């Protein structure tokens, strides 16, 4: 039997996971003793499966713990560094969206007093010239 299934571990409680982890650790210790004592090779191959099972249980424990911490710090002003998004150093140092959208009083006044001008351009078409060009294009095709 190859270890424990991770899908089953997600539904277990914290106490059950801790209990299962202890059982797996004692089993691993017993297998290591048998290895030194020169036990059967079938027992020696089981060491790998038990180690991987321990890793699975610990992964689930750590992931649920981190999830609970994220929920706890969700509405707080400060979040621990390891729960913040990693990103790159440059991105972390950038201005926030709010900070970059702020404008000085001078800039606000300038925009209100001198808005972007909108100009309407009247187009005069020379229809005879346009028709002759279309006729030339038609003859080329």
- request: With an 8 Å cut-off on Cα pairs and a minimum separation of 6 or more residues, tell me the relative contact order of the chain in percent.
  value: 22
field: Computed [θ] at 222 nm, deg cm²/dmol, the chain (DSSP H ≥ 4; -39,500 (n - 2.57); rounded to nearest 500)
entry: -21000 deg cm²/dmol
task: Treat segment 1-65 as a sphere of radius equal to its Kirkwood radius over Cα pairs and apply Stokes-Einstein at 25 °C in a medium of 0.890 mPa s; give the translational diffusion coefficient in µm²/s, rounded to a whole number.
output: 199
query: At a Förster radius of 22 Å, what calculated FRET efficiency corresponds to the Cβ-Cβ distance of residue 25 and residue 69, to the nearest 0.05?
result: 0.35
task: Quick one: Debye curve from the alpha-carbon atoms of the chain only, equal weights, vacuum; give me log10 I(q)/I(0) at q = 0.09, 0.13, 0.17, 0.20 Å⁻¹ to two decimals.
output: -0.64, -0.88, -1.04, -1.19
query: Under the definition of Cα pairs under 8 Å and six or more residues apart, what whole-number percent is the relative contact order of segment 6-59?
result: 46
field: Nearest 10 degrees, 0 to 90: helix 41-72 Cα axis against the chain principal axis
entry: 50
The chain: angle of helix 127-140 to the longest principal axis, Cα-based, in degrees nearest 10: 60
- prompt: In terms of the Cα gyration tensor, with a ≥ b ≥ c the square roots of its eigenvalues, is segment 52-100 rounded because a/c is under 1.5, prolate because a/b exceeds b/c, or oblate?
  reply: oblate
task: May I ask for the distance between the Cα centers of segment 92-139 and segment 31-60, given as a whole number of Å?
output: 71
message: What do you get for the angle between helix 14-37 and the principal long axis of the chain? Use alpha-carbon atoms, 0 to 90 degrees, nearest ten.
response: 60
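Only the coordinates and a few stated rules stand behind these numbers; no lab work does. Only a predicted model underlies this, so the values are computations on that prediction, with no experimental measurement involved. For neighbour counting, all protein chains shown are included, and Cβ atoms are generated from backbone atoms with ideal geometry for every residue, glycine included.
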